[in-house]
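Q: Let me begin by handing over the structure; questions about it come next.
Values quoted throughout were computed directly from the atomic coordinates according to the rules given, and no laboratory measurement underlies them. These numbers were taken from a predicted model, which means no experiment stands behind them. Backbone-built Cβ (ideal geometry, glycine too); neighbour counts: all protein chains shown.
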């Protein structure tokens, strides 16, 4: 299979660098084709702006989504964006690897999503009707591909537990897993999270590598997070609220998981 | 009062540009001192890396938090970081203004938090004991200052409602409001969110300006989001889980709001 790892860590001699090295070797040994987008090493441009199109703004002023649409449709995107989209088309599965900084991904990876997820590629896809509100949340360009987060945190596991002060890790990752991965069509696997990284040692690292190997060996067997598809009947259209008879009276991120 | 607006939008001739212009004028007319950190205009450096310190890494390799700590303590941070910290010290209130991109802030603003929130400034502050786990979540460097998000979205309000497909807006913003603002001490005001921006017109814009004026006029009277303070007795230490007798049996972001 073809596997892309998109990684965001600023120092190769780090836990994330070592995990990345292990993952690449393990996947290659298993016979997979592997590409790595190591965003810091690539000096990835983080900010979405008018320079992301090779032509001047379509309108009088720059408009992020309309100019993204034009550049994508006309093949006028900056080369770095087009290359990442090509890697996504090539991939059967994508691992997104990053340290959790301020309860989200590092800026450089957010900039990967902001820029690579062009209008017409990751959003603004598909038709809108009374029964179908665009190809998104389970449908879209990346449908059929699998995605998994590999996340490290300084905080303790208990701080991210169901009643932990940081909030439950699944809720913290929901805007990423549901909003950035499921949205353009990815099948999302449960994340692998490594907590309390300041207490790492060789023995723990070996155990994490073993866990990671298991996750990588089972990329195609692992049961995905059962997010509800937008256009499969669970949501009213166009309000896109969950039908009243589904999880009646309940609210929050959890209702969007079957 | 001293008010800082940290804003992230790539085009001045835009809804966010117009809102920013209105806010600055309104606050100045009311007699406030205003500073604006318009991150795109400043060409803000988004990615946290070894160049954020004026000296080489303390250890053999770059370590984001340890090198941040050293640079902060020794006055060896890059000047752009030190300047933003100084603006935060100066401010009585801070408005964070951005379009919601992929259910979070634009990369350039995430990079503002990643870099300005140095070790010793926004985290790693205060003592750790059996009754006090650092100055955070309601205590810290920014305690006593107020913060408010001003957010625009392309999506409809119903899509962000309690049962909307994107997830409730309060939950989407929790990692920001609780994790980035309340964490280093800010008193967090309810956000002002403008939905479905593609349908903007002059009449609606005037109404939003009126709403924003009201929010700005009442920055010191508005009731804040009542997040629970970490060290006020509601959490076990050091597990930092909510005490079993508080919101018994409940989980999720909501339990951290009184």
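Q: Determine the shielding of peptide A:94-104 by partner chains: average, over its residues, the number of Cβ atoms on other chains within 10 angstrom of each Cβ.
A: Per residue, the number of nearby Cβ atoms from other chains is 4 on average.
Q: What FRET efficiency comes out for the pair residue A:30/residue A:196, r = Cβ-Cβ distance, R0 = 35 Å, nearest 0.05?
A: In this case the efficiency is close to 0.75.
Q: Counting DSSP beta bridges in the protein assembly as shown, what percent are antiparallel, to the nearest 5?
A: Bridges in the protein assembly as shown are about 20 percent antiparallel.
Q: How much length is gained on full extension from residue A:2 to residue A:51, taking 0.36 nm per residue of separation minus their Cα-Cα distance? Don't jump to the answer; show the numbers that get you there.
A: Details: separation 49, 0.36 × 49 = 17.64 nm, distance 3.05 nm.
That pair, residue A:2 and residue A:51, stretches by 14.6 nm at full extension.
Q: Under a crude label model (7 Å from the Cα following the beta-carbon direction), how far is residue A:12 from residue A:73 in nanometres?
A: According to this spin-label approximation, the distance is 4.3 nm.
Q: Separate question: Run the label-point distances for residue A:238 please: 7 Å along Cα to Cβ, every other copy, nanometres, shortest first.
A: 5.3
Q: When the chain is fully extended, how far beyond the present Cα-Cα distance does residue B:127 get from residue B:92, taking 0.36 nm per residue of separation? Present the calculation step by step, with values, prior to reporting the outcome.
A: Working: separation 35, 0.36 × 35 = 12.60 nm, distance 2.52 nm.
Fully extending the segment from residue B:127 to residue B:92 adds 10.1 nm.
Q: Along the Cα→Cβ direction, 7 angstrom out, place labels at residue B:206 and residue A:43. What is the inter-label distance in nm?
A: With each label point 7 Å from Cα toward Cβ, the separation is 5.1 nm.
Q: Given the peptides B:126-136, A:247-257, A:178-188, arrange them by the average over their residues of other C-beta atoms within 10 Å, most packed first. Mind showing how you got there, number by number?
A: Numbers: B:126-136: 13.9, A:247-257: 16.5, A:178-188: 23.3.
Per-residue Cβ counts within 10 Å, averaged per peptide and sorted highest first, yield A:178-188, A:247-257, B:126-136.
Q: Can you pull the Rg over Rh of the stretch B:151-208, Cα-only, Kirkwood? It would help to have the intermediate numbers written out before the result.
A: Working: Rg = 13.3 Å, Rh = 12.7 Å.
My calculation puts Rg/Rh at 1.05.
Q: Also: Let me confirm one metric for peptide B:109-122, namely the mean number of other chain beta-carbon atoms within 10 Å of its residues' beta-carbons.
A: Details: counts 3, 12, 8, 1, 5, 8, 1, 0, 2, 0, 0, 0, 0, 1.
For peptide B:109-122, the averaged partner shielding equals 3.
Q: Report, for the stretch B:31-170, the % of DSSP beta bridges that are antiparallel, rounded to 5.
A: Roughly 25 percent of the beta bridges in the stretch B:31-170 run antiparallel, per DSSP.
Q: Now for a different question. Give the nm distances, rounded to one decimal, from residue B:220 to the matching residue in every other copy, measuring between label points 7 Å along Cα toward the beta carbon; shortest first.
A: 6.6
Q: Per-residue ellipticity at 222 nm for the protein assembly as shown, helices alone: DSSP H runs ≥ 4 residues times -39500 (n - 2.57), over residue total, nearest 500 deg cm²/dmol?
A: So the calculated ellipticity at 222 nm is -8500 deg cm²/dmol.
Q: Sort A:205-217, A:77-89, A:109-121 by packing, meaning the average of other beta carbons within 10 Å per residue, with the highest value first.
A: In decreasing order of mean packing, A:205-217, A:77-89, A:109-121 become A:109-121, A:77-89, A:205-217.
Q: Further question: Quick one: pull the percentage of alpha-carbon pairs in the stretch B:92-193 with a separation above 17 Å.
A: For the stretch B:92-193, the share of Cα pairs beyond 17 Å comes to 55 percent.
Q: Measure off 7 Å from each Cα along the Cα-to-Cβ vector at residue A:83 and residue B:221, then give the distance between these two points in nanometres to one decimal.
A: 5.6
Q: In addition: Treating the Cα atoms of the stretch A:208-247 as identical point scatterers in vacuum, please give the log10 of the normalised Debye intensity I(q)/I(0) at q = 0.14, 0.20, 0.26 Å⁻¹, two decimals.
A: Scattering profile of the stretch A:208-247, log10 relative to I(0): -0.53, -0.65, -0.86.
Q: A further question follows. How well do other chains shield peptide A:43-51, expressed as the mean number of their Cβ atoms within 10 Å of each residue Cβ?
A: 5
Q: From the label point of residue A:12, set 7 Å from Cα along Cα→Cβ, how far away are the matching label points in the other copies, in nm, ordered shortest to longest?
A: 4.3
Q: Let me ask something else. Determine which chain B residue has its Cβ at minimum distance from the rotation axis mapping B onto A, giving the value in whole Å.
A: Closest Cβ on chain B to the axis mapping it onto A, in Å: B:46, 2.
Q: Further, regarding this structure: Give me the three principal axis extents of the stretch A:185-258 from the C-alpha atoms, as integers in angstrom, largest value leading.
A: Principal-axis extents of the Cα atoms in the stretch A:185-258, largest first: 52, 27, 17 Å.
Q: Take the alpha carbon atoms of the protein assembly as shown, find their radius of gyration, then divide it by 2.2 N^0.38 Å using N residues; give the quotient.
A: The value comes to 0.94.
Q: Run through every distinct alpha carbon pair of chain A and return the Kirkwood hydrodynamic radius in angstroms, one decimal place.
A: In chain A this quantity evaluates to 19.6 Å.
Q: Nearest 5 percent is fine: what portion of the DSSP beta bridges confined to chain A is antiparallel? Write out the running numbers ahead of the final one.
A: Numbers: 5 of 29 bridges.
In chain A, approximately 15 percent of DSSP beta bridges are antiparallel ones.
Q: Another question, if that's okay. Can you tell me, using C-alpha contacts under 8 Å and at least 6 residues apart, the relative contact order of chain B as a whole percent?
A: Relative contact order comes out at 18 percent.
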